[in-house]
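Undergrad: The following block contains the structure, expressed as structure tokens.
The values are calculated or read from the model by the stated rules, or taken from the named source; none is laboratory data. Bear in mind that the values here come from a model prediction, so they are computed numbers and not experimental data. In this analysis, Cβ positions are derived from the backbone assuming ideal geometry, glycine residues included, and neighbour counts consider all displayed protein chains. Surface areas here come from the heavy atoms of the whole protein model, side chains and all, with no ligands, DNA or RNA. Shrake-Rupley method; radii C 1.70, N 1.55, O 1.52, S 1.80 Å.
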Amino acid sequence: MTDLSLQSGARPVDWTSDQAGLRVRKRKAAETRLKLVGLSAIAVAFAMLGLLLWSLVSTGWQAFRQTHVTIEVTYAQEFITPGNLARSNYRGLLEATMLELVPGATDGRRVAAILSNGAQFAVRDRIVADPSLLGRTATLRVPVSDPYDQLWKGLIDRTTPEQNRRLKNDEIAAFDALVAKGLVSSPFNWALLGNADSRFPEQAGLKGALWGSFYALLTCFLLAFPIGIGAAIYLEEFAPKNRVSDFIEVNINNLAAVPSVVFGLLALAVFLGWFGMGRSIPFVGGLTLALMTLPTIIIATRAALKAVPPSIREAALGVGASRQQVVFHHVLPLAMPGILTGTIIGLAQALGETAPLLLIGMNAFVTAAPGTPFDPSTALPTQIFIWADSPERGFVSRTSAAILVLLGFLVMMNALAIYLRNRFERRW
Amino acid sequence: MTDLRIVERTVENHANKITARGVQVHYGDKHALKDVDVDILDKTVTAFIGPSGCGKSTFLRCLNRMNDTVATARVKGDIRIDGVDIYDRRVDPVQLRAKVGMVFQKPNPFPKSIYDNVAYGPKIHGLTRNKAEMDAVVETSLRKAALWNEVKDRLQDSGTSLSGGQQQRLCIARAVATSPEVLLMDEPCSALDPIATAQVEELIDDLRSQFSVVIVTHSMQQAARVSQRTAFFHLGHLVEYGETGNIFTNPRDPRTESYITGRIG
Ligand SMILES: Nc1ncnc2c1ncn2[C@@H]1O[C@H](COP(=O)(O)OP(=O)(O)O)[C@@H](O)[C@H]1O
Ligand SMILES: [Mg+2]
């Protein structure tokens, strides 16, 4: 039989023939083609990413600077009620200051509009903090209002016909006079990080959104991490393998694929409807995000537990460890890096999640940062949503800036996940 | 060690350690072990040989109830260690595994320090009262496993940083640390090079003075070198069991003879 098979495949192979060379060339050509296709796919992906980042940075970078005017305010008796510093006529004070500053100006309201609406509060806070200023002069640097900010950043075209322009000729002239005096500057826009939301772009910031997202993610983590790991350990290590556990497994996988807006509706019906929890509350947002993150964490944890080699379990069982000891002394510690990586990626997803938060009202207009997880606030993605929806020009660049901040956090979280994975990967 | 006659003489006066009667194992529908009767002597090395898939590991894993951890496995029959039925409901399988140590085919130290590898078993069973006692247990165990001199200065290094042969001896040290009475070894040398194999074989011979050692091996030379008694398994049956010298020089069953002469397996 061996002889027969030798004879039937008997054509001698000539490895030096032309056909052999042709086969080698064909194979190499195919390999080169595949490589090229792969490289171009990567190039396209990177180009898209670059385009996205470029468009964000090119519109967003302006929001990291804010035009300010340095003014000298004289706290004259005329405007200040000494007994009631908190409620004096600071608007009038500013109008007078500006009338003096801009040569030939007659309409106090019109020139005072150069300054942000928040300027009067800055002026007030200064004297409230130091009442001895009464009758004396203080130097303040206050933000300008949005149209003038745009003008200074070159976003308003001076050649546009006057009737189509947001700032009229006399307003531009007044501002130019301030510029000529060297009073205008544009330092880093700390308000973007230090203020909560505002109707006025020059005062609007992300502080509320950052705290809102932080509290929501904290709630999400504190709930989803222990529950997710507990569920995964039970399902993977202790649950009997039968139809019930199969059914649960299928459903967890399905849950991971459920669109996030559905979780939002669920939260709206259950947390707000039945339990009567408040709207716009980061804690409720965290509960909602936990529902979404739970399947991700369960799946990641189960995968990490499965990846621990059976030989380690056998070794532990072999010296007389109980199943519980095997899991908690050996399997879980070895799986921890994988679990943490999965959890961080799940949290990063949750950080960017918008739809469920919209449904529980975390797109409310809140001008103060939440002090606790139970105060109403926005979150980063919903703040972006609000700003993107706002008509004021100043919110265009602020939207991009907020997206950049959000992306920054996402990159940091993913970098942490990658670091953990590389640091602790495969110790056996 | 190669002189079988010397070995034979020492066998006679040892008592039965393990008695197995009518042991049957099913994995789901598969009948993996059929009616195995065997008496394993104390302070003796017993080798299980046979073609692969014949049920050697399966039977070995019955002796410390490792098969309990396989969901599909069902074990029937009667296995007694020192007269105690180990499948009795009053016997705790977890504790049994501390009393019947096991060494696996592939060295599988925990990814922890050498010290912690050996100390793990005594720790979870609460066998020591303080650090000094634990240190002593670790040292004796490593000495029994002929590893102490090589690792005494690096006990905090990871167990996985050792060579394959050292890892396997570490696993032996880990198994003997709980003072077992029986030591089960499932092809302990099949992942080792010849030099490491020789070291482990020598070690097995030493261990015989304190334990009843059962070793599964696919190498008949190894069985001849280290064991005093040999059991030949074939297709789930225990075909022949007796003194190693007799099995190799004078097999009674034709299947044993074919296997030993290399015609099956
Ligand atoms: N966990 C298991 N599930 C199903 N079948 C198994 C399992 N372990 C072993 N078997 C089967 O039982 C038979 C005996 O296996 P084993 O005892 O491992 O043989 P060996 O003598 O090579 O050690 C083999 O046919 C094997 O396929
Ligand atoms: Mg085997």
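Undergrad: Return the residue satisfying two criteria in turn: it lies in segment B:161-191 and is farther than 23 Å from B:ILE40 by Cβ and surrounded by fewer than 24 Cβ atoms within 10 Å (Cβ to Cβ), and of such residues it is nearest to ligand 2 (Cβ to nearest atom).
TA: Filtering first and then ranking leaves B:ALA191.
Undergrad: Can you confirm whether segment A:209-223 contains a residue that is within 30 Å of A:LEU151 (Cβ to Cβ) and either at pLDDT 90 or above or in contact with a Gly (Cβ under 7 Å, 6 or more places away or on another chain) (or both)?
TA: Restricting attention to segment A:209-223, the residues satisfying the condition of being within 30 Å of A:LEU151 (Cβ to Cβ) are A:209-210.
Going one step further and asking which of them are either at pLDDT 90 or above or in contact with a Gly (Cβ under 7 Å, 6 or more places away or on another chain) (or both), we end up with A:209-210.
Yes: segment A:209-223 contains one or more residues that are within 30 Å of A:LEU151 (Cβ to Cβ) and either at pLDDT 90 or above or in contact with a Gly (Cβ under 7 Å, 6 or more places away or on another chain) (or both).
Undergrad: A follow-up question, please. Would you pick out the residues in segment B:181-235 that are within 15 Å of ligand 1 (Cβ to nearest atom), among the small types (Gly, Ala, Ser), in contact with a helix residue (DSSP H, G or I) (Cβ under 7 Å, 6 or more places away or on another chain) and at pLDDT 90 or above?
TA: Result: B:ALA223, single match.
Undergrad: Let me ask you something else. Got a number for residues in segment A:348-369 being within 25 Å of A:ILE229 (Cβ to Cβ) and either surrounded by fewer than 22 Cβ atoms within 10 Å (Cβ to Cβ) or over 19 Å from the mean Cα position of the chain (by Cα) (or both)?
TA: 4
Undergrad: Further question on the same structure: Quick check on B:ASN108: is it of a type outside the set (A, V, I, L, M), within 16 Å of ligand 2 (Cβ to nearest atom), open to solvent by less than 20 Å² (accessible area, probe 1.4 Å) and in contact (Cβ under 8 Å) with a residue 12 or more places away in the chain? Write out each step before concluding.
TA: Details: of a type outside the set (A, V, I, L, M): yes; within 16 Å of ligand 2 (Cβ to nearest atom): yes; open to solvent by less than 20 Å² (accessible area, probe 1.4 Å): yes; in contact (Cβ under 8 Å) with a residue 12 or more places away in the chain: yes.
The answer is yes for B:ASN108.
Undergrad: Let me ask another. In the list A:PRO131, A:PRO161, A:PRO103, which residue meets the criterion of being at pLDDT below 85 and either open to solvent by 30 Å² or more (accessible area, probe 1.4 Å) or more than 26 Å from A:ALA76 (Cβ to Cβ) (or both)?
TA: Numbers: A:PRO131 fails: at pLDDT below 85; A:PRO161 fails: at pLDDT below 85.
The unique qualifying residue is A:PRO103.
Undergrad: Quickly run through segment A:383-400 and pick out the residues that are surrounded by fewer than 19 Cβ atoms within 10 Å (Cβ to Cβ) and under 15 Å from A:LEU193 (Cα atoms).
TA: Matches in segment A:383-400: none.
Undergrad: Restricting to segment B:44-90, give me the number of residues that are more than 7 Å from ligand 1 (Cβ to nearest atom), open to solvent by 10 Å² or more (accessible area, probe 1.4 Å), assigned to a strand (DSSP E or B) and not β-branched (Val, Ile, Thr).
TA: Summing the residues that are more than 7 Å from ligand 1 (Cβ to nearest atom), open to solvent by 10 Å² or more (accessible area, probe 1.4 Å), assigned to a strand (DSSP E or B) and not β-branched (Val, Ile, Thr) in segment B:44-90 gives 6.
Undergrad: Just give me the residues in segment B:104-126 being more than 8 Å from chain A (Cβ to nearest Cβ) and not in a helix (DSSP H, G or I), in sequence order.
TA: Step one: list which residues in segment B:104-126 are more than 8 Å from chain A (Cβ to nearest Cβ), which gives B:105, B:107, B:112-119, B:122-123, B:126.
Within segment B:104-126, B:GLN105, B:PRO107, B:LYS112, B:SER113, B:GLY126 meet the criteria.
Undergrad: Let me ask something else. Say we look at segment B:44-69 and pick out the residues that are of a type in the set (Val, Ile, Thr) and within 13 Å of ligand 2 (Cβ to nearest atom); which of these is farthest from A:LEU317 (Cα to Cα)?
TA: So the first thing to find is which residues in segment B:44-69 are of a type in the set (Val, Ile, Thr), and the list is B:44-46, B:49, B:58, B:69.
Right, trim to within 13 Å of ligand 2 (Cβ to nearest atom) and you get B:49, B:58.
On the way: B:ILE49: 25, B:THR58: 16 Å.
Going through the qualifying residues, I end up with B:ILE49.
Undergrad: Of all residues in segment B:91-104, count the ones that are within 16 Å of ligand 1 (Cβ to nearest atom) and out of contact with any Pro (no Cβ under 7 Å at 6 or more places or on another chain). Can you show your working first?
TA: The initial filter retains those residues of segment B:91-104 that are within 16 Å of ligand 1 (Cβ to nearest atom), namely B:102-104.
Restricting the remaining residues to those that are out of contact with any Pro (no Cβ under 7 Å at 6 or more places or on another chain) gives B:102, B:104.
Summing the residues that are within 16 Å of ligand 1 (Cβ to nearest atom) and out of contact with any Pro (no Cβ under 7 Å at 6 or more places or on another chain) in segment B:91-104 gives 2.
Undergrad: Which of the strands (runs of 3 or more DSSP E) found entirely inside segment B:197-264 contain at least 2 residues meeting this: in contact with a Gly (Cβ under 7 Å, 6 or more places away or on another chain)?
TA: Counting at least 2 such residues, we get B:229-234.
Undergrad: While we're looking at this one, here's another question. Can you tell me which residue within segment A:186-201, out of those that are assigned to a helix (DSSP H, G or I) and under 14 Å from A:TRP387 (Cβ atoms), is farthest from the chain's Cα centre (by Cα)? First the steps, then the outcome.
TA: Applying the first criterion (assigned to a helix (DSSP H, G or I)) to segment A:186-201 yields A:191-194, A:201.
Those still in the list that are under 14 Å from A:TRP387 (Cβ atoms) too: A:191-192, A:201.
Details: A:ALA191: 17, A:LEU192: 14, A:PRO201: 19 Å.
So the residue we want is A:PRO201.
Undergrad: Could you list, in sequence order, all residues of segment B:149-170 that are in contact with a Phe, Trp or Tyr (Cβ under 7 Å, 6 or more places away or on another chain) and within 12 Å of another protein chain (Cβ to nearest Cβ)?
TA: Of all residues in segment B:149-170, those in contact with a Phe, Trp or Tyr (Cβ under 7 Å, 6 or more places away or on another chain) come to B:155-156, B:159-160.
Answer for segment B:149-170, where residues must be in contact with a Phe, Trp or Tyr (Cβ under 7 Å, 6 or more places away or on another chain) and within 12 Å of another protein chain (Cβ to nearest Cβ): B:GLY159, B:THR160.
Undergrad: Within segment A:370-382, can you find the residues that are of a type outside the set (Ser, Thr, Tyr) and open to solvent by less than 40 Å² (accessible area, probe 1.4 Å)? If you could, list the steps in order and put the result at the bottom.
TA: Of segment A:370-382, the ones of a type outside the set (Ser, Thr, Tyr) are A:370-371, A:373-376, A:379-381.
Residues satisfying the conditions are A:PRO370, A:PRO373, A:ALA379, A:LEU380, A:PRO381.
For every residue, the table says whether it meets (1) open to solvent by 10 Å² or more (accessible area, probe 1.4 Å); (2) in contact (Cβ under 8 Å) with a residue 60 or more places away in the chain; (3) within 16 Å of ligand 2 (Cβ to nearest atom).
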| position | (1), (2), (3) |
| --- | --- |
| B:ILE204 | no, yes, no |
| B:SER212 | no, yes, no |
| B:HIS234 | yes, yes, yes |
| B:THR244 | no, yes, no |
| B:ILE247 | no, no, no |
| B:ARG252 | yes, no, no |
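Undergrad: I've got another one for you. Condition check: farther than 30 Å from A:PRO370 by Cβ, within 14 Å of chain B (Cβ to nearest Cβ) and surrounded by fewer than 19 Cβ atoms within 10 Å (Cβ to Cβ). Does A:ARG313 satisfy that?
TA: Details: farther than 30 Å from A:PRO370 by Cβ: yes; within 14 Å of chain B (Cβ to nearest Cβ): yes; surrounded by fewer than 19 Cβ atoms within 10 Å (Cβ to Cβ): no.
Criteria not met by A:ARG313.
Undergrad: Here is a further query. Let me confirm something: among A:ALA368, A:ALA350, which residue is in a loop (DSSP other than H, G, I, E, B) and away from every other protein chain (no Cβ under 12 Å)? It would help to see each step written out before you state the result.
TA: Working: A:ALA350 fails: in a loop (DSSP other than H, G, I, E, B).
Result: A:ALA368 is the single residue among A:ALA368, A:ALA350 that is in a loop (DSSP other than H, G, I, E, B) and away from every other protein chain (no Cβ under 12 Å).
Undergrad: Can you tell me which residues in segment B:58-90 are in contact with a Ser or Thr (Cβ under 6 Å, 6 or more places away or on another chain) and within 14 Å of chain A (Cβ to nearest Cβ)? Show your work before the answer.
TA: Within segment B:58-90, the first condition is being in contact with a Ser or Thr (Cβ under 6 Å, 6 or more places away or on another chain), and the residues that meet it are B:80.
Listed by number, the list is empty, since nothing qualifies.
Undergrad: Now for a different question. Is it fair to say B:PRO93 is open to solvent by 10 Å² or more (accessible area, probe 1.4 Å) and within 14 Å of another protein chain (Cβ to nearest Cβ)? Walk me through it before giving the result.
TA: Details: open to solvent by 10 Å² or more (accessible area, probe 1.4 Å): yes; within 14 Å of another protein chain (Cβ to nearest Cβ): yes.
Yes: the conditions hold for B:PRO93.
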